[in-house]
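See below for the structure under consideration.
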């Protein structure tokens, strides 16, 4: 956000130039408009088109293993779902670089980036304050262009937080987490860069990155850019963490509502990445009351066999 008083504009622009991004063009707040700013460099795996990449040799087997006539499922929307009556999905908050950092302690401390994190008191928790689910908290520092994410997040009376795990990502870098490390997500990946956001679909009318999704069963393996697996199943017909699927180029999207077409175009060009165990073909997006749930529900017309697996590298199994 470019502020027009108190001389802050010069400070903001200087920080943008130093970080080599236009982060200051974003607004602060919950589910803020990022104005087309890409998270991570253009050559980051999340931002790389895969529409011309070869199909994996086991694509049909891997797709069929998911099930029969499994529909694509938007795991986000406007309908009240949270325990406190808010929309469902994964919210995020954009903060300024002067937001105070608070202590965070982690259950999985050996694979978490230590605190403090700039988590404001009004940071939204996935599922709401009373949720018994994943309770992700995603915080984007627009001035330093850093992303702070936690899982199983619980605020404490003294202003600190307790979480299951957490990770910090420098959004000007393509550096991956150490091999074998989790993050706030099972695959060791960032979450926010893979979410379907309202500002992309309705304002920019383009999603220029891969989309995060889940399947019920994953293999005890991961492929880049994932860094961690969360399964004991060694079956080679299961998708590993980090596997990327894309909607087949031949799939006709012309009859879908315009918002759904934005998402489907991204699934053709950038695909979707396995990031966690969960519902089959559940794609992730922000919890936002502005979503048109009817448009999102149209995505359920797409089935698992309308996708193909992009050729993967050698999986890491240890």
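From the list 68, 99, exactly one residue is free of Cβ contacts under 8 Å to residues at least 24 places away in the same chain and either surrounded by fewer than 22 Cβ atoms within 10 Å (Cβ to Cβ) or under 30 Å from residue 314 (Cβ atoms) (or both). Which is it? Lay out the reasoning, then the answer.
Working: 99 fails: free of Cβ contacts under 8 Å to residues at least 24 places away in the same chain.
Among 68, 99, only 68 is free of Cβ contacts under 8 Å to residues at least 24 places away in the same chain and either surrounded by fewer than 22 Cβ atoms within 10 Å (Cβ to Cβ) or under 30 Å from residue 314 (Cβ atoms) (or both).
Condition check ((1) under 16 Å from residue 281 (Cα atoms); (2) without any contact (Cβ under 8 Å) to a residue 24 or more places away in the chain; (3) in contact with a helix residue (DSSP H, G or I) (Cβ under 9 Å, 6 or more places away or on another chain)) across all residues:
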| residue | (1), (2), (3) |
| --- | --- |
| 198 | no, no, no |
| 204 | no, no, yes |
| 207 | no, no, yes |
| 212 | yes, no, yes |
| 219 | yes, no, no |
| 234 | no, no, no |
| 241 | yes, no, no |
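Give me the residue from segment 111-140 that is under 26 Å from residue 179 (Cα atoms) and over 20 Å from the mean Cα position of the chain (by Cα) and, out of that set, surrounded by the most Cβ atoms within 10 Å (Cβ to Cβ).
Step by step, filter segment 111-140, then rank; the result is 115.
Note down all Cβ pairs under 6 Å where the first residue falls in segment 149-169 and is at positive phi and in contact (Cβ under 8 Å) with a residue 12 or more places away in the chain, the second is crowded, with 23+ Cβ neighbours inside 10 Å and assigned to a strand (DSSP E or B), and they're at least six residues apart or on different chains.
Going by the 6 Å Cβ cut-off, the qualifying pairs are 152/163.
For segment 271-301, give me each residue that is modelled with pLDDT of 95 or more, surrounded by fewer than 24 Cβ atoms within 10 Å (Cβ to Cβ), part of a loop (DSSP other than H, G, I, E, B) and out of contact with any helix residue (DSSP H, G or I) (no Cβ under 7 Å at 6 or more places or on another chain).
The answer is 278, 279.
Take the residues in segment 153-164 that are in a loop (DSSP other than H, G, I, E, B) and surrounded by fewer than 21 Cβ atoms within 10 Å (Cβ to Cβ), then tell me which one is nearest to the chain's Cα centre (by Cα).
Restricting attention to segment 153-164, the residues satisfying the condition of being in a loop (DSSP other than H, G, I, E, B) are 153, 156-160, 164.
Those still in the list that are surrounded by fewer than 21 Cβ atoms within 10 Å (Cβ to Cβ) too: 156-160, 164.
On the way: 156: 26, 157: 29, 158: 29, 159: 26, 160: 24, 164: 18 Å.
Among residues in segment 153-164 that are in a loop (DSSP other than H, G, I, E, B) and surrounded by fewer than 21 Cβ atoms within 10 Å (Cβ to Cβ), the one nearest to the chain's Cα centre (by Cα) is 164.
Restricting to segment 302-314, give me the number of residues that are buried (at least 16 other Cβ atoms within 10 Å of the Cβ) and outside any helix (DSSP H, G or I). Spell out the reasoning first.
So the first thing to find is which residues in segment 302-314 are buried (at least 16 other Cβ atoms within 10 Å of the Cβ), and the list is 302-304, 306-310, 312.
Narrowing the set further to residues that are outside any helix (DSSP H, G or I) leaves 302-303, 307-310, 312.
The number of residues fulfilling the criteria is 7.
Does residue 218 count as buried (at least 19 other Cβ atoms within 10 Å of the Cβ) and closer than 23 Å to residue 267 by Cα? Quick ask: steps written out before the conclusion?
Working: buried (at least 19 other Cβ atoms within 10 Å of the Cβ): yes; closer than 23 Å to residue 267 by Cα: yes.
Yes: the conditions hold for residue 218.
Which count do you get for residues in segment 227-262 that are in contact with a strand residue (DSSP E or B) (Cβ under 7 Å, 6 or more places away or on another chain), crowded, with 20+ Cβ neighbours inside 10 Å and closer than 22 Å to residue 73 by Cα?
Going through segment 227-262 one residue at a time, the tally reaches 9.
Exactly one of (1) closer than 22 Å to residue 197 by Cβ; (2) surrounded by 14 or more Cβ atoms within 10 Å (Cβ to Cβ); (3) modelled with pLDDT under 70; (4) in contact with a helix residue (DSSP H, G or I) (Cβ under 9 Å, 6 or more places away or on another chain) is unmet by residue 82. Its number?
For residue 82, the exception is condition (4).
How many residues does segment 70-110 hold that are over 19 Å from the mean Cα position of the chain (by Cα) and outside any loop (DSSP other than H, G, I, E, B)?
Final tally of qualifying residues: 8.
Residue by residue, here is whether (1) at pLDDT 95 or above; (2) closer than 26 Å to residue 37 by Cβ; (3) assigned to a loop (DSSP other than H, G, I, E, B); (4) in contact with a strand residue (DSSP E or B) (Cβ under 8 Å, 6 or more places away or on another chain) holds:
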{"site": "143", "(1), (2), (3), (4)": "yes, yes, yes, no"}
{"site": "169", "(1), (2), (3), (4)": "yes, yes, no, yes"}
{"site": "174", "(1), (2), (3), (4)": "yes, yes, yes, no"}
{"site": "178", "(1), (2), (3), (4)": "yes, no, yes, no"}
{"site": "186", "(1), (2), (3), (4)": "yes, no, yes, yes"}
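The values are calculated or read from the model by the stated rules, or taken from the named source; none is laboratory data. What you see is a predicted model; the values in this text were computed from it and never measured. Cβ atoms come from the backbone with ideal geometry, glycine included; neighbour counts cover every protein chain shown.
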